[in-house]
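In what follows, a structure is listed as structure tokens, so that the remarks can point back to it.
The values are calculated or read from the model by the stated rules, or taken from the named source; none is laboratory data. Just so it is clear, the structure is predicted and the values come from calculations on it, not from any experiment. Quick reminder, even Gly has a Cβ in these numbers, built from the backbone with ideal geometry, and neighbours come from all protein chains shown.
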Amino acid sequence: MFIFNREFKKGKLDVPFEWSTDKTETDVLFFFKLDGKANEQEACGGEEIDLTGPSGEAFANCTSSSFIEGYSCENGLSGEFKDEPYKMWVTEDEGIGAWLRVDFKKQY
């Protein structure tokens, strides 16, 4: 597995992606994170709340179609995104159709 971290300038984002036809099935997972707070012109003026972080005030629990010990849905939402135990979500070879569900303490 390759993990890439790259910073992009504001505006249109083109992500080059090379696809190989020598495999019948390839799983690809992208995580996009916005660093820092939006400026006043881009923000709605409301409070920013971490909705999916397991340690956040809004998070109640999460469930997933499957996971490997040490790679639960809570680990996948931790914000660390490293290919290590307790840092990401990994399924039991599910591929297409795998799912992750987050439940909140209240409606937002």
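Just a few scattered comments:
- Residue, modelled with the lowest pLDDT, within segment 29-82, restricted to residues that are in a loop (DSSP other than H, G, I, E, B) and in contact with a Cys (Cβ under 7 Å, 6 or more places away or on another chain): 77
- Pairs are defined by a Cβ separation below 6 Å, a sequence spacing of at least 6 or placement on different chains, a first member in segment 54-79 that is within 15 Å of residue 103 (Cα to Cα), and a second member that is part of a strand (DSSP E or B) and of a type in the set (Asp, Glu); the pairs so defined are 60/103; 61/103.
- Count - residues of segment 67-89 that are farther than 15 Å from residue 54 by Cα and either surrounded by 15 or more Cβ atoms within 10 Å (Cβ to Cβ) or touching a helix residue (DSSP H, G or I) at 6+ places or on another chain (Cβ under 7 Å) (or both): 1
- Tabulated pairs, segment 95-108, first in a loop (DSSP other than H, G, I, E, B), second of a type in the set (Phe, Trp, Tyr), C-beta under 8 angstrom, 6+ apart or interchain: 105/59
- All conditions in (1) surrounded by 15 or more Cβ atoms within 10 Å (Cβ to Cβ); (2) over 23 Å from residue 105 (Cβ atoms); (3) not small (Gly, Ala, Ser) hold for residue 92, with the sole exception of (1).
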